[in-house]
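Novice: Dropping the structure in here first, questions after.
The values are calculated or read from the model by the stated rules, or taken from the named source; none is laboratory data. Everything numeric here is computed off the predicted structure, so don't read it as measured data. Virtual Cβ from ideal backbone geometry, glycine too; neighbours counted across all protein chains shown.
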Amino acid sequence: MFKLNLKIALRNLWKNKGYTFINVLGLSIGMASCILIFMFIRFQLSFDEGYKNEERIFRVVTNWKYNAFDDYSAGVPVPFAAAARNEIAGFEKVGSIVKRGGILHVKDQTGREIIKTQEAVYYADPDFFEVFNDIRWQYGNPQQALSKPNTVVLSEAFAIKFFGTAEHAIGKTITLGAKTNLEVTGVIQDMPQNSSFPLGIVISYQTYYGRNITNWDSVNSSSSSYVLLKAGVALADMQVPLDKFNKKYYPIQKIAGNQNNQLQALRDIHFSTQYDNFLESTIGKSEIYGLAIIGLFLILTACINFINLSTAQSVNRSKEIGVRKVMGSKRKQLIAQFLTETFAQSLIALLIACVIAELAIPPMQNLFKGQIEFSLFSHMSILVFMVLLVVFVGFLAGFYPALIISRLNPVLAIKNKISLNGGSLSLRKFLVVVQFSITVVLIIGTLVIIRQMEYVQKKSLGFDPNAVAMVGILTDSTSKTKYNTFKEQILQVPGIESLSFCQSAPLSNDVNSTDFTYNGIKNKDFELRTVRADENYFELFDLKLIAGKIFLKSDTANGCVVNETFLKKINVTNPQDVIGKVIDASGNILPITGVVKDYNDKSLKESISGIAIFPGKQEYWNVAIKIDAKQIMPAMKQVERIWNSTFPNGIYQANFVNDRINGYYESEQITGALFKVFAGVIIFISFIGLFGLISFVATQRTREVAIRKVLGASTIELVKMLNGSFLIMVFIANLIAWPLAYLFVNKWLSGFAYRMDLTIWPFVLAMGISMLTTLITVSLRSYKAAVANTIDALKYE
């Protein structure tokens with residue numbers, strides 16, 4: 001029976017090649033988009049999975065609660081791990097790990113340097129690998145490999161890179177910095193891409209220079225602790241002992257901001273927007289849900305095309321249905337027949353979708369800069385999803401048309417007296433409205449995202465970031481003695497306009513903040529962002545001084561310059577009133593010498609911080625170089641040459657301030673690119689469906705059009721008659737879409753502290769695009785029907 005149904009189905013699909021093409025094309029594009037979205041979502045949801053004790057593994061985080069704001073860090077104080085091991089009974093293991101960077105030197109047997117590279121390095125104690133005991137060791141074990149100072153464990157990839165094979169790496173030596181020799185005592189598996197722990201070079205915690213710090217109110221997000229709860233202990237059971245621990249080590253009168261530690265589940269790390277991680281990659285679950293909804297919209301749009309065309313075509317197949325019923329076919333047999341046709345089209349569409357998805361994978365990887373692994377057959381869940389997608393599409397798109405067609409009256413069907421009027425027509429109109437509502441929402445969303453990105457790029461930041469290169473410098477004592485020589489040589493290069501030693505550019509996410517005392521009064525409302533820079537920093541970045549003067553040239557902190565936001569937060573209106581007042585911050589007691597006009601110190605998603613800028617040669621790790629825009633390339637080559645000759649043991653690294661600023665909006669740019677693609681896909685699917693529907697309607701009304709033409713109707717009047725209902729449906733869709741789109745874009749824009757004014761124009765433009773495209777699409781077919789030969793249309797069959 002199935003074989004017969006399939007043969008009839010294929011025959012009917014071939015007979016109606018035009019409508020089959022429209023259905024299969026729409027379904028295949030919709031399916032391909034859904035497959036790509038599912039691959040992305042599956043990858044994100046798979047982060048940090050597969051650990052047998054994952055339900056018992058938690059990261060310890062640190063929170064602060066000030067009067068004006070809350071603050072969060074993924075790090076903990078250095079002494080946390082030792083204290084927690086002894087005092088919190090619910091912890092089975094407590095592992096410490098610290099992320100740092102360093103220059104590594106690898107030499108051959110003759111002592112000749114063969115590799116010099118700058119890499120992220122991790123300092124971990126053996127207990128970290130007891131918490132994550134699923135990490136496979138190819139050579140060595142954590143208790144022995146990381147128990148002594150000056151030992152290092154490499155991932156397989158780094159072992160091969162440095163020494164050719166993992167086996168040859170054991171016992172070899174690599175040098176960290178100028179003089180720290182490390183013996184390779186183990187090799188671990190390469191960590192997967194979907195891991196928050198990109199461990200490549202792991203040094204024993206006993207080697208970490210900061211391991212003996214005892215300060216509890218000093219927290220760095222790169223210094224983390226992970227705990228393994230004892231079997232049978234739940235997260236809720238840990239709250240009381242944690243509260244007791246917090247009260248002991250963070251007394252309110254000594255530690256600012258009501259500092260406390262809490263536990264975060266392992267599987268929540270990747271989805272946390274408040275806390276960062278070692279991979280420096282997070283995604284909110286709301287973004288994942290948003291992509292899932294877009295995928296659902298895409299497949300719904302394709303299914304709506306199928307339903308509309310299938311129910312409309314039921315008139316053409318009415319005689320077939322009537323004959324089948326007279327010959328004894330039961331309704332369930334007819335439903336099975338039409339579902340077979342739907343599933344046949346769905347399977348064909350899936351095969352084409354796989355080809356489209358495979359072709360789209362390289363551009364997707366480029367969009368995400370290779371950070372995500374895309375492969376159609378990398379995981380069984382993708383194949384299961386494809387099967388479920390075919391079943392879902394087959395039933396969603398085929399079941400209702402099958403019910404409609406199978407219930408036709410056999411007598412009326414054989415007489416060909418089945419009409420399009422009734423419930424099915426109303427449903428088709430409703431589905432067209434739904435389809436175009438989705439389309440308009442995506443058009444508006446895309447327009448707003450594009451406008452906001454333009455606003456971000458054009459908004460004045462309060463300083464000049466153009467043609468400024470940030471070049472990293474070494475911070476060891478020997479290198480610091482060469483700073484002045486380096487500066488003198490750089491300023492002699494043609495095209496170099498000025499130079500400043502500093503920690504970072506004015507807009508940077510490299511934030512150092514601290515509690516402070518102003519004019520003898522302890523501040524409890526906010527933390528002060530501290531920036532180390534020399535006296536040339538202000539002129540180089542064109543920071544505007546509105547009161548006082550810049551601090552004097554000095555290697556040590558002798559004064560500071562604050563910004564307008566600092567004044568606002570301490571309730572001072574006249575900038576002159578703070579000149580000469582004293583700030584005590586980070587152990588520095590500094591008189592305020594000047595006030596600069598506000599500038600954006602972080603991305604436009606965040607408000608301006610209260611800032612204090614002061615000198616400090618010991619804490620510069622960048623040099624800002626202003627270059628003539630016409631001589632950037634030759635000047636940068638000279639800068640690199642001078643840098644390499646001045647700091648031969650280092651690795652030259654440089655980037656432009658504008659590039660770094662654009663990098664802070666990378667996720668929004670990816671969102672914008674995805675919206676453009678998916679909006680284009682939905683528009684295409686919607687309008688090919690609309691073209692198919694108008695083609696069918698025009699075919700059904702061919703005799704009516706001919707009669708009206710004979711009676712004197714003009715071509716324009718006939719086109720208006722055929723187009724009118726479609727334009728009304730698209731207009732209604734716009735009215736429905738506008739409030740939904742407003743809620744969406746307003747929510748998205750709320751993530752920016754500085755944002756474009758949301759006007760009516762994106763909504764009007766979306767309406768114009770949808771109405772104009774509809775008019776063009778339906779007019780092409782309706783015009784053809786209006787100018788057709790009336791004699792051919794009025795001939796008896």
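Novice: Looking at (1) in contact with a strand residue (DSSP E or B) (Cβ under 6 Å, 6 or more places away or on another chain); (2) polar (S, T, N, Q); (3) surrounded by fewer than 18 Cβ atoms within 10 Å (Cβ to Cβ), which one does residue 144 not meet, given that it meets all the others?
Specialist: With (1) in contact with a strand residue (DSSP E or B) (Cβ under 6 Å, 6 or more places away or on another chain); (2) polar (S, T, N, Q); (3) surrounded by fewer than 18 Cβ atoms within 10 Å (Cβ to Cβ) applied to residue 144, the lone miss is (1).
Novice: Looking at (1) modelled with pLDDT under 85; (2) surrounded by 15 or more Cβ atoms within 10 Å (Cβ to Cβ), find the lone condition where residue 711 falls short.
Specialist: Of (1) modelled with pLDDT under 85; (2) surrounded by 15 or more Cβ atoms within 10 Å (Cβ to Cβ), only one is false for residue 711: (2).
Novice: Right, something else. Please work out which residue is farthest from residue 589 (Cα to Cα), limiting yourself to the range 492-529 and to residues that are among the hydroxyl-bearing types (Ser, Thr, Tyr) and buried (at least 16 other Cβ atoms within 10 Å of the Cβ).
Specialist: Filtering the range 492-529 for residues that are among the hydroxyl-bearing types (Ser, Thr, Tyr) and buried (at least 16 other Cβ atoms within 10 Å of the Cβ), the one farthest from residue 589 (Cα to Cα) comes out as 498.
Novice: Inside the range 35-128, counting only strands (runs of 3 or more DSSP E) that do not spill past its ends, which hold 2 or more residues that are in contact with a strand residue (DSSP E or B) (Cβ under 7 Å, 6 or more places away or on another chain) and of a type in the set (A, V, I, L, M)?
Specialist: Per the criteria, 57-65, 91-107, 113-124.
Novice: Right, here's the next one. Every residue in the range 213-232 that is farther than 26 Å from residue 71 by Cβ and either modelled with pLDDT under 90 or not in a strand (DSSP E or B) (or both), please.
Specialist: 230, 231, 232
Novice: Now a separate question. Quick check: anything in the range 232-245 surrounded by 18 or more Cβ atoms within 10 Å (Cβ to Cβ), of a type in the set (Phe, Trp, Tyr) and more than 34 Å from the chain's Cα centre (by Cα)?
Specialist: Yes: one or more hits.
Novice: So, one more: So for the range 302-310 (the condition being buried (at least 19 other Cβ atoms within 10 Å of the Cβ) and more than 30 Å from residue 429 (Cβ to Cβ)), does at least one residue qualify?
Specialist: no
Novice: Could you list all residues from the range 488-521 that are part of a helix (DSSP H, G or I) and under 39 Å from the mean Cα position of the chain (by Cα)?
Specialist: Residue satisfying the conditions is 490 alone.
Novice: Let me confirm something: among 273, 165, 185, which residue is exposed (fewer than 13 other Cβ atoms within 10 Å of the Cβ), of a type in the set (Ser, Thr, Tyr) and free of Cβ contacts under 8 Å to residues at least 60 places away in the same chain?
Specialist: Only one candidate passes the filter, namely 165.
Novice: Restricted to the range 602-627, and to residues that are in contact with a Gly (Cβ under 9 Å, 6 or more places away or on another chain) and not hydrophobic (A, V, I, L, M, F, W, C), which residue is nearest to residue 756 (Cα to Cα)?
Specialist: This residue is 605.
Novice: Mind checking which residues of the range 337-370 are under 16 Å from residue 396 (Cα atoms) and either crowded, with 16+ Cβ neighbours inside 10 Å or of a type in the set (D, E, K, R) (or both)?
Specialist: 337, 338, 339, 340, 341, 342, 343, 344, 345, 346, 349, 350
Novice: For the range 709-732, does any single residue satisfy the condition of being in a helix (DSSP H, G or I), of a type in the set (Val, Ile, Thr) and under 31 Å from the mean Cα position of the chain (by Cα)?
Specialist: Taking every residue of the range 709-732 in turn, none turns out to be in a helix (DSSP H, G or I), of a type in the set (Val, Ile, Thr) and under 31 Å from the mean Cα position of the chain (by Cα).
Novice: List the strands (runs of 3 or more DSSP E) inside the range 554-660, counting only whole elements, that have at least 3 residues being assigned by TED's automatic domain parsing to the domain that holds residue 494, buried (at least 21 other Cβ atoms within 10 Å of the Cβ) and not polar (S, T, N, Q).
Specialist: Filter on the range 554-660 gives 560-563, 588-596, 611-614, 622-627.
Novice: Looking only at the range 451-464, how many residues end up being within 22 Å of the chain's Cα centre (by Cα) and modelled with pLDDT of 90 or more?
Specialist: The qualifying residues number 3.
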